[in-house]
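Here is the structure we will look at.
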Amino acid sequence: RGVSLLSPFCYRSCLFVALHVALQAAVYGEYTWEVFVYCWELQFHLLLLLLPYLLLAGNMGCFILCSRANPGIITKSNHASLVKIYAYDGVLFQKGVVCPTCNMEKPARSKHCSFCSACVHRFDHHCVWVNNCIGAFNAKYFFLYLFSLAATAAAIATITAAFLIQVVLLSNMMHGSYIDEQGQEHAVEILFLVQHLFLTFPRVVFMLGFVILLTLVLGAYCCFNLYLALTNQTSNEWYKSRRYGCSRRLTLQPHDRQVVYKNIYSKGVWMNLKEIFKPPTVLERKKTT
């Protein structure tokens with residue numbers, strides 16, 4: 001079991017990983033064989049054209065680190081030290097709660113992952129795209145992986161859009177006209193341009209629409225993860241606080257006693273962000289208490 005914890009691909013489904021790789025291969029295949037070649041002929045700067053490949057290299061490095069790293073699996077050997085890292089807030093995390101599967105008391109901010117069949121220290125979520133849990137010890141890799149993936153999609157979208165705009169400008173289509181089915185002449189409009197480009201470069205236009213959508217989705221998710229990092233929350237904690245009505249609202253406790261939930265783990269923007277890249281140890285926590 002100790003070996004399998006360090007080799008998550010050995011016992012979890014790789015379906016989404018294969019889908020992720022296939023999508024990247026399709027996008028980069030189209031970018032390489034059409035966009036890159038056309039842009040090179042139009043004398044785009046070489047460094048600009050190579051930017052998506054440089055971002056891909058960084059993204060794949062973060063992907064491998066994130067998927068292979070131990071997210072913070074709680075075992076009997078490290079349980080005593082991990083349970084001292086974070087204090088119990090008494091609302092989201094109660095002292096004395098035992099995980100029925102691992103048969104150990106759950107440290108604060110931990111959660112049992114059914115996919116990994118283990119409790120994870122500072123559990124954020126189980127990411128199917130990297131086929132691993134996101135916890136205290138690989139959160140920094142996931143953070144960089146996510147932002148590099150969004151940057152990659154944005155770079156490809158920008159270069160592809162610049163290519164299509166250049167094609168329109170060189171063809172002088174904006175100053176032209178066309179005759180409709182009724183024989184009437186019309187000035188060229190945006191819709192006509194899009195239709196013309198789609199008929200001329202169907203795969204390029206389809207890829208552009210896909211990467212633009214991907215950029216928007218990933219950009220929004222990046223902003224959400226940045227918010228979580230700056231406020232020292234995990235996705236699990238954010239969801240639980242909303243689910244139980246803990247955030248910015250009063251929470252009912254036994255005997256109808258009302259308390260206001262407060263995130264006790266936030267230490268300020270800089271320290272919160274630092275905690276992602278350098279998870280606290282027991283010694284560090286003792287120095288701050």
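The values are calculated or read from the model by the stated rules, or taken from the named source; none is laboratory data. Quick caveat: nothing in here was measured; it's all calculated off a predicted structure. Ideal geometry is used to build each Cβ from the backbone, glycine not excepted, and the neighbour counts take in all protein chains shown. Heads up: the accessible areas ignore ligands, DNA and RNA and are worked out on the full protein's heavy atoms, side chains in. Shrake-Rupley method; radii C 1.70, N 1.55, O 1.52, S 1.80 Å.
Summary of values
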read-out: Residue within the range 57-69 that is more than 22 Å from residue 221 (Cβ to Cβ), at pLDDT 95 or above and surrounded by 18 or more Cβ atoms within 10 Å (Cβ to Cβ) present; value: no
read-out: Selection status of residue 19, of a type outside the set (D, E, K, R), at pLDDT 85 or above and open to solvent by less than 60 Å² (accessible area, probe 1.4 Å); value: no
read-out: Scan of the range 221-260 for residues that are in contact with a strand residue (DSSP E or B) (Cβ under 7 Å, 6 or more places away or on another chain) and modelled with pLDDT of 85 or more, ordered by number; value: 235, 236
read-out: Count of residues meeting criterion [crowded, with 19+ Cβ neighbours inside 10 Å and in contact (Cβ under 8 Å) with a residue 60 or more places away in the chain] in the range 70-91; value: 5
read-out: Pick from the range 31-52, criterion open to solvent by 30 Å² or more (accessible area, probe 1.4 Å) and in contact (Cβ under 8 Å) with a residue 24 or more places away in the chain, ranking: farthest from residue 115 (Cα to Cα); value: 42
read-out: Residue in the range 111-121 that is more than 30 Å from residue 42 (Cβ to Cβ), of a type in the set (D, E, K, R) and not in a strand (DSSP E or B) present; value: no
read-out: Some residue of the range 43-51 being of a type in the set (Phe, Trp, Tyr) and in a helix (DSSP H, G or I); value: no
read-out: Where a residue in the range 121-148 is among the hydroxyl-bearing types (Ser, Thr, Tyr) and its partner, wherever it lies, is in a helix (DSSP H, G or I) and open to solvent by less than 10 Å² (accessible area, probe 1.4 Å), with Cβ under 8 Å and at least six apart; value: 141/66; 145/59; 145/66; 148/59
read-out: Members of the range 97-151 that are modelled with pLDDT under 95, among the β-branched types (Val, Ile, Thr) and buried (at least 23 other Cβ atoms within 10 Å of the Cβ); value: 130
